[in-house]
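This report concerns only the one structure given below.
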Amino acid sequence: MAQHAHTLVAPSLLSADFGALNQAVDLVNVSQADWFHLDVMDGRFVPNISFGFPIIKAIQARATKPLDVHLMIEHPELYLRAFKEAGANVLTVHLEACTHVHRTLSAIRDLDMKAGLAFNPHSSLDVLQDLAPILDLVLIMSVNPGFGGQRFIPATYRRIERARRLLHQNGGEDVLIEVDGGVSVSNAAELKKAGAQVLVAGSSVFGASDPYEAIKDLHQA
């Protein structure tokens, strides 16, 4: 497994104040955060609509850290090049939204982005046996996708451990495991212990009285 000096923290801009987006981007830039996490929702795959290319381009123009773009959309394969051009460094698609998962992941890598695969809380992780060699990241959803601020699903710990096992057994030792939904300083240590290497945190960062301290605490948990 690729060891990182620390767990990566990726604040989710879905929880930021969109009326003060520049300030939110600057906050992440100067904080101890590692990535920006950008949730793209289409109102069809999930019952919410977030933002698209113009916002991502605006963030990318100001960001000094990688953009980790999480597509909660139907037919993501139609938009891969557009997300690359908008500035995505990591592009994650949902297993449940892809008819030809292998092809889509390969296409993401061919565009020189890191390829991620997201799993809803109920979805089987078994496909990791076949897909581990072409993945850079696995995103375990710890809430049902669509809205920020939801309650963390405890079965997530077991799912992270299982994902790590499947990756190790099938040539995916270097694949990062990311967790998204209800992540806070109260469960960060246990998530890391289970094998999570990237923590996505939205409301626990942007809703904190001191977001810089919240990011630091996630690192140190």
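Once the dipole of the chain is set up with Lys and Arg at +1 and Asp and Glu at -1 on Cβ about the Cα centre, which of A16, F53, L218 lies farthest towards its positive end?
Sorting the options by dipole projection puts first L218.
How many Lys pairs in the chain lie less than 19 angstrom apart by Cα atoms, where the lysines are 8 or more positions apart or on different chains?
9
In sequence order, what are the phi-derived ³J(HN,Hα) couplings for region 186-201 according to the Karplus relation 6.51 cos²θ - 1.76 cosθ + 1.60 with θ = phi - 60°, rounded to whole Hz, with x for glycine and proline?
Ordered by residue, 3J(HN,Hα) equals 6, 10, 4, 4, 5, 5, 4, 4, 5, x, 6, 10, 10, 9, 8, 9 Hz.
Using 1/(1 + (r/R0)^6) with R0 = 35 angstrom and r between the beta carbons of Q129 and N48, what's the FRET efficiency to the nearest 0.05? Don't jump to the answer; show the numbers that get you there.
On the way: r = 32 Å, r/R0 = 0.90.
Taking R0 as 35 Å, the efficiency between Q129 and N48 is 0.65.
Once amide H atoms are built 1.01 Å from N in the peptide plane, which residues 5 or more positions from L139, or in another chain, come under 5 Å H to H?
L117, A118, F119, E178
Can you tell me how much longer the chain between K193 and D110 gets when fully stretched, taken as 0.36 nm per residue apart minus their C-alpha distance, in nm with one decimal?
Values: separation 83, 0.36 × 83 = 29.88 nm, distance 3.28 nm.
Between K193 and D110, full extension yields 26.6 nm more.
Run the simple label-point estimate for A82 and Q32 please: 7 Å along Cα→C-beta, distance reported in nm.
3.8
Where both residues lie in the chain, what percent of DSSP beta bridges are antiparallel, nearest 5? Mind dumping the intermediate values first?
Numbers: 1 of 32 bridges.
Percent antiparallel among DSSP bridges in the chain is about 5.
None of the figures in this text is laboratory data; all of them are computed from the coordinates on show. The structure presented is a predicted model; accordingly, all values stated were derived computationally and were not measured. As a convention, Cβ positions derive from the backbone with ideal geometry for all residues, glycine included, and neighbour counts pool all protein chains shown.
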